[in-house]
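Accompanying notes for the structure given below.
The values are calculated or read from the model by the stated rules, or taken from the named source; none is laboratory data. Note that the coordinates shown come from a computational prediction; the quantities given were computed from them, not determined experimentally. Cβ sites come from the backbone with ideal geometry, for glycine too, and all protein chains shown count toward neighbours. These area figures cover heavy atoms from the full protein model, side chains too; ligands, DNA and RNA do not enter into them. Shrake-Rupley method; radii C 1.70, N 1.55, O 1.52, S 1.80 Å.
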Amino acid sequence: MKNVCILEHPLVQHKMAHLRKSDTGAKEFRELAKELASLLTYEATRDLPLAPAQIETPMGPADVQVLAGKKLAVVPILRAGLGMVDGVLRLVPAAKVGHIGLYRDPATLRPVDYYCKLPQDIAERTVFILDPMLATGGSAVEAARVVKAAGCKSLRFLCLVAAPEGIQALQAAHPDVPIFAASLDAGLNDHGYILPGLGDAGDRLFGTL
Ligand code: PRP
Ligand code: URA
C-alpha cells in the first residue's frame, strides 16, 4: 500500500499483543500506548531533513547533522489520542500540541466535532495527528480536514490499530497524508469496531469501561 507504513518490528508486535489483551488494565494500557507512540514516532520521523553544522566536542570541532526542516506539532484526537501524546513528545519534546475534539455518533458512526485548539503557526509546521484507532476513518478524515483548513500543508497520521476500511477512507479523502500504524487488522464489526482490535481505546485508557 502506497503511503502506508505498518510497523513490523518485534518490539511493536510484542507490545501490541499485551495492549490488546482484555485483562490488561488501564495502568499497563497507558504505558504500552505511550511506548508504542514513541516507536511510531521513530518511524514517522525517519525522513526528516537534516542540515550540516559544526560543533565543538571536548576533543575539538566536529561536523554533524541537525534537524533542519519544518518544526513539528502533534494533534491528538480527543479523547483516546491523548494516550499517545507523551510517547511522541519524549522524542520530539519541542513540538507544539493542538487538540481536536471528536466523538463518533454511535448510530451513524459519523464524527461529531466538539473542540478545536491548534497552534497559531500550524501552517509552518509538520503535524502528526494522533489517534489509536483508525476504524471507519471518519474521525481521521475530519481531523485532517480541520488541520488543513487551519493552513497546514504537511501532515501525517499515526495510529496503533488500523482497519483496511479506515486506510481506504483516509487515502481517498487525503492521499497526501502518510499513515503510520503499529498494526493492520482484519476489518470492522457491525458497530464499526475493529476486529480483532482492542475494544474501545478511550475507555481502556481512562478506565471508563
Ligand atoms: C474512537 C477512536 C477514534 C474513532 C475511530 O473515538 O479514538 O477517534 O473512534 O473511529 P472512526 O475511524 O470510525 O472514526 P470515540 O468516538 O470512541 O471517542 P473517544 O476517544 O472520546 O472515546
Ligand atoms: N474506536 C475504538 O475505540 N475502537 C474501535 O475498535 C473502533 C473505534
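Between Leu109 and Asn189, how many nm apart are label points set 7 Å from Cα along the C-beta direction?
1.3 nm
What does the extension gain come out to for Leu48 and His14, with contour length at 0.36 nm per residue minus their alpha carbon separation? Can you show the working numbers first?
Working: separation 34, 0.36 × 34 = 12.24 nm, distance 2.71 nm.
Here the segment from Leu48 to His14 would lengthen by 9.5 nm.
In whole angstrom, note down how far apart the Cα centers of the range 139-209 and the range 68-121 are.
Answer, in whole Å: 12.
Along Cα→Cβ, 7 Å out, is where each label goes; now give me the distance between the ones at Val66 and Glu124 in nm to one decimal.
The two pseudo-label positions are separated by 1.7 nm.
If you build a Gaussian network model of the chain, linking Cα atoms that sit under 10 Å apart, which residue out of Gly98, Gly25, Gly137 swings the most?
Its mean-square fluctuation being the largest, the pick is Gly25.
Once you have the Cα-Cα distance between Glu35 and Ser22, take 0.36 nm times their residue separation minus that, and quote the gain in nm to one decimal.
Working: separation 13, 0.36 × 13 = 4.68 nm, distance 1.86 nm.
Extra length available between Glu35 and Ser22 comes to 2.8 nm.
What is the gain in length, in nm to one decimal, between Met1 and Lys117 on full extension, counting 0.36 nm per residue of separation less the C-alpha to C-alpha distance? List each step's numbers first, then the result.
Details: separation 116, 0.36 × 116 = 41.76 nm, distance 3.22 nm.
Additional length available on full extension: 38.5 nm.
Leaving out ligands and nucleic acids, and using a 1.4 Å probe, what accessible area per residue does the range 59-119 come to in Å²? List each step's numbers first, then the result.
Values: 3510 Å² over 61 residues.
Each residue of the range 59-119 exposes 58 Å² on average to a 1.4 Å probe.
Greater than 21 Å separation of Cα atoms is the criterion. Which listed pairs, Lys15/Lys153; Lys71/Lys153; Lys70/Lys153, meet it? Spell out each step's value before the answer.
Numbers: Lys15/Lys153 32 Å; Lys71/Lys153 13 Å; Lys70/Lys153 11 Å.
Long pairs (Cα-Cα over 21 Å): Lys15/Lys153.
With both bridge residues required to lie in the range 64-195, what share of the DSSP beta bridges run antiparallel, to the nearest 5%? Don't jump to the answer; show the numbers that get you there.
Numbers: 8 of 30 bridges.
Taking every DSSP beta bridge within the range 64-195, about 25 percent pair in antiparallel fashion.
In the range 63-140, what percent of the accessible surface is made up of carbon and sulfur (1.4 Å probe, ligands and nucleic acids excluded)? Don't jump to the answer; show the numbers that get you there.
Numbers: 2080 of 3780 Å².
That fraction is 55 percent.
Determine the sum of side-chain charges near Leu130: Lys and Arg each +1, Asp and Glu each -1, restricted to other residues whose C-beta is under 12 angstrom from that of Leu130. Spell out each step's value before the answer.
Numbers: positive: Lys34, Arg79, Arg156; negative: Asp86, Asp131.
Value of the local net charge: +1.
For the chain, set up a Gaussian network in which alpha carbons nearer than 10 Å are linked by springs, and say which option among Pro178, Pro61, Pro52 fluctuates the most.
Pro61
As an exercise, use a Förster radius of 22 Å and the Cβ-Cβ distance of Ala94 and Arg145 to find the FRET efficiency, rounded to the nearest 0.05.
Working: r = 26 Å, r/R0 = 1.20.
Efficiency, rounded to the nearest 0.05: 0.25.
Would you look at the GNM of the chain, springs on alpha carbons closer than 10 Å, and say which of Thr136, Thr57, Thr45 moves the most?
Comparing Thr136, Thr57, Thr45 in the GNM, the peak value goes to Thr57.
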